[in-house]
Amino acid sequence: MPPPQKQERGQPRRRRRLLTLPAVCPCESIAPAPLLASLVSLAADVTGRSADAATFPALRRGAGEAVRVAGLLLAFLEAVRESEPPVGYAAVLGLSELHVALQKLRLLLGDLGRRGARLWVLMNADLAASELRVALGSVATAMEALPPPPRDDVDAAELGRLVREHAWRAAARVGPDPDDSRAARSVRSVLSRFCNGATPDAEDAWLALRRVGINTWSGCAEEAAFLESELLDRLDETNGEDDGNDLALLSGLLAFAVYCRVVLFDRIDEEKKLKKVGDDVASARRQQQASSVAAWVSPESLQCPITLEVMSDPVTISTGQTYDRASIKKWLKSGCRTCPVTGERLRSADLIPNLAARAIVEQLLITMGAHDSKRSSSKHRHAVDKTTSPFSAAAAGGARLTAAFLVAKLSTTQQAEDLNKATYEARKLSKRNAFYRCCLVEAKAVPWLLHLLASSDASVQDNAVAALLNLSKHPSGRTALVQSGGVGLVVDAVNVAHKAEARQNAAAVLFYLSSEPEYCEEIGHVPESVPTLVRLARDAAASYRGRKNALVSLYGLLQCGTVHAKAVAAGALPVLAGILLSADDLAVDAVAVLARLTERGVGARAVLASSSELVTRVAGFLGEEGAASPAREHCAALLCALGRHGGDGVVALLGKMPGLMPALYALIADGTPRAGNKARWLVNEIHRHYDQRQAPVAMPPGADRVIPV
């Protein structure tokens, strides 16, 4: 028997595909006694599951049979352990086979009772029943392979016979329950109506929901969350093993769960609210723990050994070494099958997420001022871009019907609680699915959400702003927002929204709008747009994310030439200088905005007129050890712009700054081509200026000439 693979031991359960049953075979050199003890523990775990409707919403009869078989097996194993334990190769072989079968049985029963996966299990009842038959048959086969108990141990012999017979009978009887089949037909009926763009029969939907025990909004939301996560997991995979059938079924079931959640349930029940409070408390506790650990962990220990940068998604390979996911995947794709650090040949290419390291990295990135930019590279970030396709006609029809229902609610209801639910649903639907964003925009949700920005209800306003932020990530959403005259309303929300989160989300909406050059003019025409962003960036009481959103939005608006003068007049320069001079966490963003501000003469002159301390700080920032590449490039661009607009006087000042020339040469050597060009231009200008001031000297024959870089 092969020894257990290391990655299977450490594989987190959430990474295992539902209804797949990877089991670890015990080592062939294991002694019978510990193997028997492990079997007793496994059997007790399976037996402890309650075989009722609440535990197993689908395939209840088969699951109940499996639990009863496990109970008999537990009694047999305890009887064997109390008597003389079996010895010899045959005993280890039989117990090992039984151990593998019990592992699979436990995993399968766990899947059948998993919260959130009820609809998926219901629609895959045939597959689940087949796996259950195989697992029960494996138990019976393993029992037959066991050596018979001693003749004087009558109880163990009788229990062993009962286990074998009951397992064989149970395996023969296992199949989808009739009620499961009826519920699955109801789901298919709803999906068929979705395909035709027709409103489904509510009774069909309720029949399926009641069968699997979903009777609250939170239960339906839990199903939708699982299906969405599973869909994004499949999309995030790059090995192409999955065909389109699973994606079509997953997307269709997701549309079904979302439709039921939005249409069939009028209220968000308290279970969801209590869960959110519990999640917030747990998140705060995890953040506090991570913060305390990050206090004594050095950034160097969290650097990827390949890129030497702080890991954003740490994963562990089979040798136990931890790398950033992107870098180790690139290493493996290049054909290398060894560990970059140890040189040891990899037994497997599986990458196991290092959750402890990730929590510390996130907290460390907060202290380094890079949290938002790194956190955006989360697990499903790239997969969301792939959800522009509905993957099936049923999913497309269900999404359009749900969006139309939501917009009807937004346009007709006046009750605060109904508006709160409708805006929350719009926010939730548009968060991680590009197709739902498109459907909401096509259903004219944007004008109604803009109307609700003036709501006196803080929750309604917060949900409306967040939904608009999600929709502004879609090109048609940005177009609809501008054409609806929403720019001024969004600017007002940055100023006067009830919640800080709503204000920072409104600033982020302006950032996405500013990604389109034609919309920068539109935003710039709103008198309060630039002063509002400057005030938010200055506000020390605002959150890190809010101030960052203000800076990146201002950076986008500076694409428009008319905004530079407005930014200077609004006092952007003192704010940016204060951030940079105080070594604030947002220093990189501040220098980026300064670099773009100085592209025009009005900005460059304002910087030169402010103080030499700011220019000195920029030059020092360029030469700082460990400065990020984008920061160095922005510093070089800023200094180049000052040299162009300031003339020889500024070039002479830059040439006298200690440490600037070595930093520029270093940027030429190891920076990006664009950064190198900027640094090269500035070096040549400094050399030109000082060469012109010196009298020409006749060079002796054979002397070296200075050639500009």
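The values are calculated or read from the model by the stated rules, or taken from the named source; none is laboratory data. Only a predicted model underlies this, so the values are computations on that prediction, with no experimental measurement involved. Every residue, glycine as well, gets a Cβ built from its backbone with ideal geometry; the counts of neighbours run over all protein chains shown.
Looking at the range 427-525, the helices (runs of 4 or more DSSP H) lying wholly inside it that each contain 2 or more residues that are at pLDDT 90 or above sit at 434-442, 445-451, 458-471, 475-483, 487-496, 500-514. Does residue 207 satisfy being farther than 30 Å from residue 98 by Cβ, in a helix (DSSP H, G or I), of a type outside the set (S, T, N, Q) and in contact with a Phe, Trp or Tyr (Cβ under 9 Å, 6 or more places away or on another chain)? For residue 207, the condition - farther than 30 Å from residue 98 by Cβ, in a helix (DSSP H, G or I), of a type outside the set (S, T, N, Q) and in contact with a Phe, Trp or Tyr (Cβ under 9 Å, 6 or more places away or on another chain) - is not met.
Checking 555, 544 one by one, the residue that is touching a residue at least 60 places away in the same chain (Cβ under 8 Å) and not assigned by TED's automatic domain parsing to the domain that holds residue 613 is 544 and no other.
Checking the range 265-286 against the condition returns no match, with no residue being surrounded by fewer than 20 Cβ atoms within 10 Å (Cβ to Cβ), part of a helix (DSSP H, G or I) and at pLDDT 90 or above. Looking at (1) at positive phi; (2) in contact with an Asp or Glu (Cβ under 8 Å, 6 or more places away or on another chain), which is the one condition that is false for residue 218? All conditions pass for residue 218, except number (1). On the basis of being within 21 Å of residue 409 (Cα to Cα) and surrounded by fewer than 24 Cβ atoms within 10 Å (Cβ to Cβ), does residue 515 make the cut? The answer is no for residue 515.
Checking each residue in the range 646-684 for being part of a loop (DSSP other than H, G, I, E, B) and either surrounded by fewer than 15 Cβ atoms within 10 Å (Cβ to Cβ) or of a type in the set (Val, Ile, Thr) (or both) picks out 647, 656, 658, 659, 672.
Total residues in the range 565-597 satisfying the condition of being more than 33 Å from the chain's Cα centre (by Cα) and surrounded by 24 or more Cβ atoms within 10 Å (Cβ to Cβ): the figure is 3. When the residues of the range 506-535 are filtered to those that are among the β-branched types (Val, Ile, Thr) and out of contact with any Lys or Arg (no Cβ under 6 Å at 6 or more places or on another chain), the one that is farthest from residue 549 (Cα to Cα) is 526. Within the range 205-234, how many residues turn out to be more than 11 Å from residue 256 (Cα to Cα) and touching a Ser or Thr at 6+ places or on another chain (Cβ under 7 Å)? Going through the range 205-234 one residue at a time, the tally reaches 2. Restricting attention to the range 154-204, the residues being under 17 Å from residue 256 (Cβ atoms) and outside any helix (DSSP H, G or I) number 6.
Selection within the range 32-66: residues that are outside any helix (DSSP H, G or I) and without any contact (Cβ under 8 Å) to a residue 24 or more places away in the chain. The member of this set that is surrounded by the most Cβ atoms within 10 Å (Cβ to Cβ) is 51.
Screening residue 599 with (1) assigned to a helix (DSSP H, G or I); (2) farther than 26 Å from residue 303 by Cα gives one miss only, at (1). For the range 203-225, state whether one or more residues are surrounded by 21 or more Cβ atoms within 10 Å (Cβ to Cβ), free of Cβ contacts under 8 Å to residues at least 40 places away in the same chain and in contact with a helix residue (DSSP H, G or I) (Cβ under 6 Å, 6 or more places away or on another chain). Yes, the range 203-225 contains at least one residue that is surrounded by 21 or more Cβ atoms within 10 Å (Cβ to Cβ), free of Cβ contacts under 8 Å to residues at least 40 places away in the same chain and in contact with a helix residue (DSSP H, G or I) (Cβ under 6 Å, 6 or more places away or on another chain). Where helices (runs of 4 or more DSSP H) fall wholly inside the range 297-392, the ranges with 2 or more residues that are at pLDDT 75 or above and surrounded by 15 or more Cβ atoms within 10 Å (Cβ to Cβ) are 325-333, 355-368.
Residues in the range 620-642 that are more than 26 Å from residue 307 (Cβ to Cβ) and buried (at least 22 other Cβ atoms within 10 Å of the Cβ): 638, 639, 641, 642. Inclusion of residue 205 among residues that are modelled with pLDDT of 90 or more, farther than 30 Å from residue 76 by Cα and of a type in the set (A, V, I, L, M, F, W, C) is warranted. Among the residues of the range 233-253, the one identified as modelled with pLDDT under 90 and of a type in the set (Ser, Thr, Tyr) is 238. Among the criteria (1) modelled with pLDDT under 80; (2) under 28 Å from residue 115 (Cβ atoms); (3) part of a helix (DSSP H, G or I), the one residue 230 does not fulfil is (1).
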